[in-house]
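The values are calculated or read from the model by the stated rules, or taken from the named source; none is laboratory data. Note that the structure is a prediction, hence the values are computed from the model and not measured. Using ideal geometry, Cβ is built from the backbone for each residue, glycine included, and neighbour counts are taken over all protein chains shown.
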Amino acid sequence: MPLLWVSIAFLIGLILAELLAWPVIVWPILLTIWSIFTFFEIRFLAKRTRWHKIRLMLPVPLGVLLLFCALGGWRGYYSFHPVFTTHDLAWYNDAGEFKITGWVSAPPDHRQGLARYQISVIELEDPSNPDWVHAAIKVKGVAQLQLYSSADWQYGDLLQLYGHPRTPRSDGDFNYREYLASMHIYTVIGQPTSVQKVGDGYGNPIKAGLDRARQKIKSVLFQIYPQPEAGLMAGILLGMDEDIPPSLSQAYKDTGVSHIIAISGFNMVILAGLFMWIFTRFMSPYWSALVSALVLITYAQLVDGSASVMRAMIMAIVASGGHLIGRRQEGLNALAFTAALMCAVNPLLIKDISFQLSFSATFGLVVFSRPIQDNLVNWFGRWFSEKWSERLSKPIAEYLFFTLAAQFATLPVIIHHFRRFSISSLLANPLVLPLQPAVLISGAVTAAAGLIHPILGKVCLLFSWPVVKYTNEIVKVLAKIKGGVLSIHPSISIWVLVVWGLFLVLFALRQQLSKILKSSTLLWGSFLLLCGCFTVWSIYAHQPDGKLHLHFQRNGEEVTFFLRSPQGLVWLIDPHGDTNELATGLEKELSPWDFKVDTALLTESKFASSLNLLKDDLPVNQVLLAPTAYRSENGLSFDANMHVKKLNTADKIEIEPGLTLSLIGDDPFHTGILLCYKEEYFLIPNGLDYAAISTQFADRLDGMTGLILVPADVSYIPPRVWRQLNSQIIVWADVSLSPFEEAIDLQGREGLHLISDGSNTWQAR
């Protein structure tokens, strides 16, 4: 039990290191303070009666918990805030083109015409710098090479290329920068100018041999199985899912069973159980567990040996060990220790989605498996004998309720990261998972037979193909269910993460915490009170505040503008860029209790496609089309639920009392916008000529509150002309370099938020 609490303390320290971002000196100071406190606590305070009573309430001395928390923070700081020198590859990110020499350090990933290679860089040279000519410097670091090429370099090949090292992007739902950082990759090189193989034989020869064996097994699978079953088996057995058709891969995601097409903890547990069953025929249970663990380690290296695979292997070994011991609490103890140990080796794993899903799924099985099994046995015991109750409850628990327990535990992680929940998964997992042991085992036997002789593989295919085909067809059918995937609001996702996660922890540690609090009623009462507080906060935080909110959201290389009125109405103007990123930004500002865009204004027809894609994530009630949007394109189409209205030049729309929006100009290609809120005016030229603006709004141009400009506005009109407006605020609504020194630009930021009360406007912090 003490191991559980010190492991949790260490993990909490890692999380605090990321959230608080304290200076590095803080953590060794805290470590020193808690070390001294621990010594005094054990040496002197333990003898005091009052402190002794407090000590009995805690499973571990307080000083020890604080010490491990500080240790976790110190360990995590250097991973979450890496410091690079001139000998690190990441030092040269975004600094131009370099000649790079490195070797392929991981199996390549080919999908949809794009090849990804992990390159362990050896040296770097800047051809454009005279001081660097024929003087390459030694550097260390791993880069991800991305290119559209038919080349098929393998592990250990030495490459020489010319490319631009760049820092990975971090915007959007999926933080690609953190994902790569968890593998210690801080540099990406996209489509190099030239690349060629100049040598081979680098890296570990054992790993190189395993990689060749992996490729051979994949080739055998594709000789035996037809598509898409061949791609599915390559994913299940080898973790090589790049050949699964995109439509089928999306169907697996929508039905919540994508975990079966990767080397996950579930697959590892099946293999661990198979090996245990085989080896227990020849040796004792404990020796069979040891040999099974060694076989799993070898298999993990065969299929990739990446952090995610090693994590699944350790989880499987821990789960098997806990099952062998037969004690739930010790399984929880070992699980927490394993998570802390893995995060101590690589602290960035704690932010990895796959790690969180694997850990939470195993956590759910460890915590809920025993209560579920016992309750089923007791329920069947009303009608059957003890022997038959156990026989009936075991398959039902393993194939239905244990699956639901894992889903229940992973739900907060899924909702928080993906903001969606697959209702279809409640049906798909019970229908698909019971056959996965047969799929995995029959596939392995078929592959082994195919390696011996292709005809033997074809014979085994007669038994293997039906279960694989069944899996694909069930997933395809369930993926077509309308409304099978629910979108979750970001504020609700955070609420679910905190409350649900807290519930799982309280349930797992309910016996220990009840002893500390002296009452289980106090424990669950506090939990319900916290749930109520979060609900009230979620409602209050999104209430209209009587102010105008202007948002400029960066979506990759694009910027989208939207506003929230004093009464809470949401207007979206010219949506473009990545619609997933756009929806993410909008969701943060929308109330979960009123989840919609009230009006979308389009000044050009090209924005219609983005709007049609956006409505899949959140509803859009009304669409307003400027003349420049419908004159140039007669074939505009929108969802039947959208109310579409065409506007005329110089139309003035009252959004609500005191807030109006006016169209500017009679240009066939550009439409400007003037937003008026009481005494505040905001001008969006949108590429419109300055003369057209000054003609229509000559009386309002002097002393403009806000001026929102894009590169099209300064293509023919110099900045000095726009400065004549004497705008209090100039916003450069683009990601390129701003020509206005005084402007608020979006370079280096994800977005911009302005607030106006009708007489003053300021930037939100």
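A few notes on this one:
- Being touching an Asp or Glu at 6+ places or on another chain (Cβ under 7 Å), at pLDDT below 65 and more than 17 Å from residue 551 (Cα to Cα) is a condition met by no residue of the stretch 585-608.
- Enumeration of residues in the stretch 73-114 that are of a type outside the set (Phe, Trp, Tyr), more than 23 Å from the chain's Cα centre (by Cα) and crowded, with 21+ Cβ neighbours inside 10 Å: 89, 100, 102, 104
- Among residues of the stretch 276-290, those that are surrounded by fewer than 17 Cβ atoms within 10 Å (Cβ to Cβ) and either free of Cβ contacts under 8 Å to residues at least 24 places away in the same chain or under 17 Å from residue 441 (Cβ atoms) (or both), counted: 9
- Per-region count, the stretch 701-732, residues touching a strand residue (DSSP E or B) at 6+ places or on another chain (Cβ under 9 Å), small (Gly, Ala, Ser) and modelled with pLDDT under 80: 1
- Cβ separations smaller than 6 Å between residues 6+ apart or across chains give the following pairs from the stretch 427-449 residues that are assigned by TED's automatic domain parsing to the domain that holds residue 405 and crowded, with 18+ Cβ neighbours inside 10 Å to residues that are among the polar types (S, T, N, Q) and part of a helix (DSSP H, G or I): 429/403; 432/471; 433/403; 442/464; 443/464; 446/464.
- Among (1) in contact (Cβ under 8 Å) with a residue 24 or more places away in the chain; (2) surrounded by 16 or more Cβ atoms within 10 Å (Cβ to Cβ); (3) not in a helix (DSSP H, G or I) - the single one residue 233 does not satisfy: (3)
- In the stretch 726-737, the residue that is nearest to residue 575 (Cα to Cα) out of those that are surrounded by fewer than 21 Cβ atoms within 10 Å (Cβ to Cβ) and without any contact (Cβ under 8 Å) to a residue 60 or more places away in the chain is 736.
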